[in-house]
Every structure is written in structure tokens, then in C-alpha cells.
Amino acid sequence: MATSKQAVTVPTGASVDDFLAAVPGERRRADAERLRTILSEVTGEPAVMWGPSIVGFGSYHYTYASGRTGDWPLAGFSPRKQYLVVYLVGGFEERHASVLARLGPHTTGKGCLYLKRLDDVDETALRELVDRTARVHKGITRATDRGR
């Protein structure tokens, strides 16, 4: 008998405003609000709660080689205690090394960008990473594909 695992991180009806208002620390909360604005502007999508702690923008459908499928935000973030975690496309570290070099202090991990403070990073570089991620998930490979 085959069973399928139900996805836990899915869009919810929870309020993004309420979630962000509850982020501890004035600076972390301000960074989260600013990140919401940046990701919404870059993706052109509204903020939606994905599970209990991820603010996502848009969505795309994926299929792994194993056959597992699901949906995930084009881009998203979570204001964690120690870092702002920005969810990008896997492999962005290698693909966009020159942009990361301009970004400022950060760490990376499998599709995640970890930032301590937004004031410490180059917002133009951050916007470029989010834009490139959203284009990959939408299947757009060049900026000209979007009419730029």
C-alpha cells in the first residue's frame, strides 16, 4: 500500500500582518516588514503565510526525480531569532557568486540565504538574487523574457 506524505508548508489563511507584528525585537520586526516590501516588489506577488512561519510570494510547482511533487513560494523569508532566512532557488550560491560577492555579510545553505540585518547588505544585490530566483521558478531564463 503506497502512502504519500502530506506537505506541511502550504499557504494558509493566517494573517501576514499579525505574524510580522508578533516578531520579537523592534529591529527584527522592521527588517521583516522591509523584506516583505522588497520581495513583494520584486516578485510582483502579495505576501502569504506558508505554514506557521514562512512569508511567501507567489508559487511554483515542482517535481523531483523521485516523483515527489509539491508547491513552494517563488521566494520567501522567515524572521528567525538569529537570522532573517531568505528562501531562494537551490544552487544560487554557485550560479550567482558575483551577486553574492556584492551582497555583504551573509551565510548560505541549501537554497537559503541567512542575513543578520538588512542594513548590512546591499539591497540592490538582494533584489537581484530574489529576481533571478523568481525567474528560475517561473521558467524565465533571461531578463528579456519578461519584456525588460
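Readers should treat all values here as calculations from the given coordinates under stated rules, not as data from a laboratory. In this text, all values refer to a predicted model and were calculated from it rather than measured experimentally. Note that we place each Cβ from the backbone using ideal geometry, even for glycine, and neighbour counts take in every protein chain shown.
Laid out as a table, the results:
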{"item": "For region 34-148, with +1 on Lys and Arg beta carbons and -1 on Asp and Glu, the positive-most of Leu129, Ala65, Pro79 along the dipole", "result": "Ala65"}
{"item": "Longest to shortest principal axis, alpha-carbon extents of region 55-114, angstrom", "result": "37, 26, 18"}
{"item": "Karplus (6.51, -1.76, 1.60) ³J(HN,Hα), θ = phi - 60°, over region 19-30, in Hz, Gly and Pro reported as x", "result": "4, 5, 5, 8, 5, x, x, 4, 5, 4, 5, 5"}
{"item": "Dipole moment magnitude, nearest 20 debye, the chain about Cα centre, only Lys, Arg, Asp, Glu C-beta charged", "result": "340"}
